[in-house]
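Presented below is the structure to which this report refers.
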Amino acid sequence: MGQAASAAAIPCRRQTSHSHRSTSKSRSTPFISPMLFNGRHESPNEAIQSVPDYTSELPDECLACIFQSLNSADRNRCSLVCRRWLQVEGQSRHRISLNAQSDLLLLIPSLFTRFDSVTKLALKCDRRSVSIGDEALVIISQRCPNLTRLKLRACRELTDAGMEVFAKNCRGLKKLSCGSCTFGARGMNALLNHCASIEELSIKRLRGTTDVASVESIGPGVAASSLKTICLKELYNGQFFGPLILGSKNLRTLKIFRCSGDWDRLFQLLADRVPNIVEVHLERLQTSDVGLEAISNCSGLEVLHLVKTPECTDLGLTAVAEQCRLLRKLHIDGWKTNRIGDEGLIAVAKYCPYLQELVLIGVNPTNASLEMLASNCLNLERLALCGSETVGDVEISCIAAKCLALKKLCIKSCPVSDHGIKALAAGCPNLLKVKVKKCSSVTSEGADWLRLFRESLAVNLDAGETDHQDASASDGGAQENGLEIPSIPSQAAASANNASSSTGRSSPFTSWLGLFSGKSYVACTLRKLSGGNRSS
């Protein structure tokens, strides 16, 4: 009662204390009060209901366009406003991701009654949980016949039979990505034989192809003319996909990561069967200069990634450079084997004038090859030098003087000092961003000096200690299977991340605190630090 009385007395106090105000303002007070409307008491719900709903005049199509511009969390909130918004939001949502545990089976009918226009679906299961089986996948395929994209992760209960029924029901599928699933070659062939529009295929750790005796070859089927991208990762019998690769006559991108077997023979057949290929990624693969010489016959090649292929040398890279003169992007992770160096890079500089991006990891180029690259590749815009023992101040000065088109430069774990960094101030007129990481001789003074003379230049300096180089070019340069870091409890990790972003502390500080997360020191310490910052 005390609260009601106080609320009711608010207008009176306003009128008493502000009697000197104009009469119009004092009259407007009851109108804006939530408690008084049209001279009578009215609850907040009644006041809200009395406000006209202008969205009711919008067609469902316009409302759907508005929902599609929102993120997932905002869309979920909008769906709770009224029944109409719930219906329109569900019908306009084309992409959903579901936890594919076995309990999902009972929820599938109600889920896809609401979301009846889904075209992009992700089914992800935890590795320690039991995933959905064939029955759930079949129901999904019946409810979503217009699926164009499907992602499967750790769905270990799916079999060839379930994939075959799915393929028959979803013939318009264009993109399939599956990892750690247990169906095999028969399920893959069913997809390729029924989905004539499939364009992208990504397969990782397909468990059903480990038995050599029972695995059948995987061919392109009716997808031979539509497939444009094939990505194979960590397959024990990856060469069973050979007929698929060679039969995809319009294939543009081929990515093979950590698949067992000798791949030179397949690459020798590649140029004759797949003439339009423009992008090749090879990582931790058993291939040699023979395979590179075969790939060089693909004269339209524009992008080449060679990551940890120790049998590839300057000879193979020279063959690629001589034949593939349209090369635009070249990534080489030499794994510190010193089998690719100046000779191969000089060939690239000589024969590939359209080169725009060059990433060298664990490769030791000298001033001779870098100067020729800078002089001949006039379109070189992005350059990364990581773990190169021969790249010092002289080489950086050469890059500064010669690379006129360079826009982004990354230097990591190289013997570069402030002198080399300062040389960038007078060169590379188009340079926009410089990233220096784990170069112990580069100090903050050198970075500040460069910022002072190039105000528009973004300089990112991390002069930490050099660690073991295990960079990988998988998936756009992000390391995918490198050094495994022990997991930190989620609460402590979240606290550390929030403190790092809010207080501007460096990552080594939060890493040091992470060592004590098991004893609950992190939360207490960060609370004290955050409290001290707020009080100051």
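A compact table of results
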{"quantity": "Accessible area per residue in Å² at 1.4 Å probe, computed on the stretch 116-180", "calculated": "44"}
{"quantity": "Radius, Kirkwood style, for the stretch 303-387 when every pair of distinct Cα atoms is counted (Å)", "calculated": "12.3"}
{"quantity": "Sulfur and carbon atoms: percent of accessible area, the stretch 100-238 [1.4 Å]", "calculated": "47"}
{"quantity": "Simple label model, 7 Å out from Cα along Cβ direction - Glu445 to Thr337, nm", "calculated": "4.3"}
{"quantity": "Per residue accessible area of the stretch 274-317, 1.4 Å probe, in Å²", "calculated": "28"}
{"quantity": "Formal net charge of residues neighbouring Asp342 (Cβ-Cβ distance under 14 Å; K, R +1; D, E -1)", "calculated": "-3"}
{"quantity": "Alpha carbon convex hull of the stretch 133-275, volume per residue in cubic angstrom", "calculated": "86"}
{"quantity": "Scattering curve values for the stretch 47-119, log₁₀ I(q)/I(0), Debye with Cα scatterers, q = 0.11, 0.14, 0.17, 0.26 Å⁻¹", "calculated": "-0.33, -0.51, -0.70, -1.29"}
{"quantity": "Unit Cα scatterers, Debye sum, the stretch 224-340: log10 I(q)/I(0) for q = 0.10 Å⁻¹", "calculated": "-0.25"}
{"quantity": "For the stretch 80-171, projected area of the alpha-carbon convex hull averaged over all directions, nm²", "calculated": "5.8"}
{"quantity": "Surface accessible to a 1.4 Å probe, Val394 within the full protein complex, Å²", "calculated": "90"}
{"quantity": "Accessible area in the full protein assembly, largest first, 1.4 Å probe, for Arg339, Arg382, Arg205, Arg284", "calculated": "Arg339, Arg284, Arg382, Arg205"}
{"quantity": "Convex hull per residue volume in Å³, alpha carbons only, for the stretch 391-439", "calculated": "57"}
{"quantity": "Candidate residues Glu395, Glu343: accessible-area rank, largest first, probe 1.4 Å", "calculated": "Glu343, Glu395"}
{"quantity": "Cα convex hull of the stretch 367-450, projected area averaged across orientations, nm²", "calculated": "4.5"}
{"quantity": "At 0.890 mPa s and 25 °C, Stokes diffusion of the stretch 344-406 via Kirkwood alpha-carbon radius, µm² per second", "calculated": "215"}
{"quantity": "Separation in nanometres of the label points that stand 7 Å from Cα toward Cβ, at Leu80 and Glu57", "calculated": "2.9"}
{"quantity": "Lys435-Ile139 pseudo-label distance in nm [points 7 Å out on the Cα-to-Cβ vector]", "calculated": "4.5"}
{"quantity": "Net length gained if the chain between Ala426 and Thr253 were fully extended (0.36 nm per residue, minus Cα distance)", "calculated": "58.3 nm"}
{"quantity": "Fraction of accessible area attributable to carbon and sulfur, the stretch 310-396 (%, probe 1.4 Å)", "calculated": "50"}
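The values are calculated or read from the model by the stated rules, or taken from the named source; none is laboratory data. Predicted, not measured: the structure shown is a model, and the values here were computed from it. Glycine also receives a Cβ, built like all others from the backbone with ideal geometry; neighbour counts cover every protein chain displayed. These area figures cover heavy atoms from the full protein model, side chains too; ligands, DNA and RNA do not enter into them. Shrake-Rupley method; radii C 1.70, N 1.55, O 1.52, S 1.80 Å.
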